[in-house]
Amino acid sequence: MTRHRSYARSTGRIKSIDQGIWDGIENGSFIPKIKKNGSFIKKPWSQWTNEESEKATFDYCAKIIITSALDSKEFFRIAKCESAKEMWDTLKATHESTTDLKKSKTRRRRRKNKKVLIYASWPKRKMIQVV
């Protein structure tokens, strides 16, 4: 499966659960803030509205969805991430670089092996160069 298909499939599944969860992954976790003394600070949890509480849970849901889809190796790669966005970005960067690395190795191998030597059918057994 190519990276593009896998990415599209994952985003589609998450969006089908709830668009708010996907927004949490794309935009980061939602933290309600209030203006106090000219600067914004985190709003105390007891003062959150129902809408703010719902938006804040999207990040937790996204983290559960992401971690439940991973094997142990991938899980430990993102275990220290604080938000679903950070997890997603880490996984995306890891797998994109892996795919790019594989492609560049394949290109190098192809350039190196441009000239292929094969045996002609026996009984002559001569080396033939194919370009």
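The figures follow:
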| read-out | value |
| --- | --- |
| The stretch 15-56: number of residues that are of a type in the set (A, V, I, L, M, F, W, C) and modelled with pLDDT under 80 | 1 |
| Tally of residues being part of a helix (DSSP H, G or I) and closer than 16 Å to W22 by Cα across the stretch 66-89 | 9 |
| Filtered residue count, the stretch 39-85, keeping only those that are within 11 Å of G24 (Cα to Cα), in contact with a Phe, Trp or Tyr (Cβ under 7 Å, 6 or more places away or on another chain) and β-branched (V, I, T) | 0 |
| Residue selected from the stretch 42-65 under the condition assigned to a helix (DSSP H, G or I) and of a type in the set (V, I, T), by the criterion surrounded by the fewest Cβ atoms within 10 Å (Cβ to Cβ) | I64 |
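The values are calculated or read from the model by the stated rules, or taken from the named source; none is laboratory data. Because the structure is a prediction, the values reported are computed rather than measured. Cβ coordinates were reconstructed from backbone atoms using ideal geometry, including for glycine residues, and neighbour counts include every protein chain displayed.
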